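Data block below; observations after.
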Amino acid sequence: MSCSCSDKVWTCADPSINLSLLEPTLEKYVSSKGSLIAILQAAQNLYGYLPTDLIAYIAHRAGIKLSKVMGVVTFYAQFRTKPVGKHLILLCKGTACHVNGASLIEEAIRENLGVEEGAITPDGLFTYNNVACIGCCSLSPVMMIGDNTFGMLTKEKVAEVLDGIRASETEGAGK
């Protein structure tokens with residue numbers, strides 16, 4: 001029995017995923033042993049997440065079993081298999097943050113966004129996820145949005161930060 005996978009025309013169910021955009025990365029890394037994480041990071045940077053059909057394509061192109069690629073994707077917290085909002089909020093729930101009120105900060109985020117953890121706001125701007133630790137214990141409670149860290153949070157500060165991002169998005173859309 002033989003597989004005709006090489007003859008398959010690959011497409012993703014999500015029409016926003018243009019596989020040709022990943023080709024330069026695949027050409028660069030596919031023959032390098034141990035480059036799977038770099039390929040997955042590049043794919044997630046391009047598309048925002050790693051849907052199953054994209055993971056299958058990467059496995060096929062890299063010549064790696066799909067189960068191994070899925071194992072890597074599901075092992076590392078940095079990889080997402082579902083779409084997220086434009087701004088991903090990571091709320092620290094580590095010990096220092098927990099003791100200093102992370103649950104109140106989560107409540108403020110939920111109230112401000114109107115969504116539960118992992119959901120995308122209706123405007124597509126935000127998703128929030130709880131994480132075990134961000135590593136900024138002296139700033140607890142803390143959250144990250146993109147590359148920005150916000151510490152010593154209060155409910156009011158959460159509202160200021162999120163409203164500020166919304167305002168900048170609105171201003172940017174009007175230009």
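Derivation of every value follows stated rules applied to the coordinates shown; laboratory data play no part. Quantities reported herein were computed from a predicted structural model and do not represent experimental measurements. All Cβ positions, even for glycine, are placed from backbone atoms using ideal geometry, and neighbour counts span all protein chains on display.
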- Query: Going by alpha carbons, how many degrees (0 to 90, nearest 10) lie between the helix axis of 36-47 and the longest principal axis of the chain?
  - Reply: 60 degrees
- Message: Taking the 0 to 90 degree range and rounding to the nearest ten, how far is the long axis of helix 52-62 tilted relative to the main principal axis of the chain, both from C-alpha atoms?
- Response: 50 degrees
- Task: Place +1 on the Cβ of every Lys and Arg and -1 on the Cβ of every Asp and Glu in the stretch 5-75, take the dipole about the Cα centre, and give the residue among ALA56, ASN18, GLY34 whose Cα lies farthest towards its positive end.
- Result: GLY34
- Query: What does the charge dipole of the stretch 87-173 about its Cα centre add up to, to the nearest 20 debye, if the Cβ of each Lys and Arg holds +1 and the Cβ of each Asp and Glu holds -1?
  - Reply: 300 debye
- Item | Theoretical ellipticity at 222 nm over the chain - DSSP helices of four or more residues, -39500 (n - 2.57) apiece, nearest 500 | -13000 deg cm²/dmol
- Message: If you average the C-alpha positions of the stretch 18-44 and of the stretch 102-150 separately, how far apart do those two centres end up, in angstrom?
- Response: 30 Å
- What does the convex hull of the Cα atoms of the chain come to per residue, in Å³, rounded to a whole number? 149 Å³
- Task: Give the residue from ALA102, VAL161, VAL73 lying farthest towards the positive end of the charge dipole for the chain; charges sit on Cβ (+1 for Lys and Arg, -1 for Asp and Glu) and the dipole is referred to the Cα centre.
- Result: VAL73
- Query: Restricting the count to DSSP beta bridges whose residues both fall in the chain, what percent are antiparallel, rounded to a multiple of 5?
  - Reply: 55 percent
- Note on the structure: By the Cα gyration tensor axes a ≥ b ≥ c (a/c under 1.5 gives rounded; else a/b larger than b/c gives prolate, otherwise oblate), the shape of the stretch 62-145 is oblate
- About its Cα centre, what dipole magnitude does the stretch 5-75 give when the only charges are +1 on Lys and Arg Cβ and -1 on Asp and Glu Cβ, stated in debye to the nearest 20? 300 debye
- Message: Counting other C-beta atoms within 10 Å, and keeping those with at most 12, which DSSP coil chymotrypsin sites (Phe, Trp or Tyr not before Pro) do you find in the stretch 71-100?
- Response: TYR76
- Message: Only four residue types carry charge here, +1 at the Cβ of Lys and Arg and -1 at the Cβ of Asp and Glu. Report the dipole size of the chain about the Cα centre in Debye, rounded to the nearest 20.
- Response: 680 debye
- Query: For the stretch 81-140, which trypsin sites (Lys or Arg not before Pro) are both in a DSSP coil and crowded by at most 16 other Cβ atoms within 10 Å?
  - Reply: LYS86
